[in-house]
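All remarks here apply to the structure that follows.
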Amino acid sequence: MAISEDLLWDAADKRAWSAPRLWRTAVTAGCAGLFVLVLWAHTDATRAACAAVAYALAETAYRVWDRRRLVEARIVVGEPDGRAKLRLRQAGGRTTEHEPHQVVRVLVIRDNVVDSAKLRLRLRGKRLLFGRPGRPPAVTTWRRACPRAHVQERNAWWGMPGIPD
């Protein structure tokens, strides 16, 4: 049991979006299949079938990518060996623990329009991890939790629509 925990990243939406996405993919594929059966003699039917297959593949690829996005990052203190661990939870439910010194880079990208931010986290020897949008975290907490990491914060590269930067 953890003695204390520091919340480093908390996404606004933590649920897995598989049910609505699967439902939408099934309805689209069914409608496209019906459209192909009705217009089988015309050449537009093959285009509709290709569009439905492309949509289904794109939805599947996005679902696989989105399941790996981070929804929560916290420092857990009080492990049996007495050292702090970085606990990362992904949208698909997978939870991993890492040493804080394995964090190489933390980038928090603040949105210019709404009060939200995106997270980019790189671990040593691992790929880049993306966080779902959430409330902007305190960068000082990241610096204190991961002292060897290059922690950076910046605004998004776009401004409010209709207002020149």
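Laboratory data are not the source of any read-out in this text; all were calculated from the coordinates shown. Not measured: the values here are computed from a predicted model. No Cβ is skipped: glycine too gets one built from the backbone with ideal geometry, and neighbour counts run over all protein chains shown.
Key figures for this structure:
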item: Full-stretch length increase - residue 24, residue 61 - with 0.36 nm per residue and alpha-carbon distance subtracted; result: 11.9 nm
item: Extended-chain gain in nm, criterion 0.36 nm per residue less alpha-carbon gap, residue 154 and residue 6; result: 51.1 nm
item: Anchor residue 14: lysines whose Cα lies under 19 Å away (excluding residues fewer than 8 positions away in-chain); result: 118
item: Semi-axes of the equivalent ellipsoid for the stretch 53-114, Cα gyration tensor, largest first, Å; result: 30, 17, 9
item: DSSP-assigned coil residues among chymotrypsin sites (Phe, Trp or Tyr not before Pro) in the stretch 84-158, each with at most 15 further Cβ atoms within 10 Å; result: 157, 158
item: Pairwise label distance in nanometres, residue 120 with residue 83, each label 7 Å out on the Cα-Cβ vector; result: 2.8
item: Size of electric dipole in the stretch 68-118: Cβ of Lys, Arg +1 and of Asp, Glu -1, about Cα centre, debye, nearest 20; result: 200
item: Within the stretch 86-164: Cβ-based charge dipole about Cα centre, in debye rounded to nearest 20 (Lys, Arg +1; Asp, Glu -1); result: 320
